[in-house]
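For reference, the structure discussed in these notes is given below.
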Amino acid sequence: MPTIGFWELTVVALIALIVVGPERLPTLARHLGRWVRQARMMMNRLKSEIEAELESSDIKTILPGENEPGEIDRLIMESNKVKQEIEGLNKSLQTPAAKDSDEDS
């Protein structure tokens, strides 16, 4: 990518001064600055949108099953089954301890 040095900028400024004139040169520079700023803002927005799309497509690629609605329902059902099993084990562990304390009295 070519770079613009000091002498190139000086030549461009002198040509602009001759073509446009000293009265209109500040206005032209102001408009040019606005255009450059708008172009940079548009490029930054485009870049961020592309990065967001790539990130979301990467997530979809990594987790293909998470996008399916049936997958979420299946996970909820499995978690409920595990919860019921844990509650059942907890009750069965508490029941003998309660019987033992009743027998001791």
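Just so you know, all these numbers are worked out from the coordinates, no wet-lab data involved. Being a predicted model, the structure only gives us computed values, none of them experimental. Backbone-built Cβ (ideal geometry, glycine too); neighbour counts: all protein chains shown.
Observations on the model:
- Count of residues meeting criterion [surrounded by fewer than 10 Cβ atoms within 10 Å (Cβ to Cβ) and of a type outside the set (A, V, I, L, M)] in region 1-25: 7
- Close Cβ contacts (under 9 Å, 6 or more residues apart or on different chains) running from residues in region 1-21 that are on the phi < 0 side of the Ramachandran plot to residues that are β-branched (Val, Ile, Thr) and surrounded by 11 or more Cβ atoms within 10 Å (Cβ to Cβ) comprise ILE4/VAL12.
- Pairs with Cβ under 9 Å, 6+ apart, first in region 72-95 and surrounded by 10 or more Cβ atoms within 10 Å (Cβ to Cβ), second in a helix (DSSP H, G or I): ILE72/GLU66
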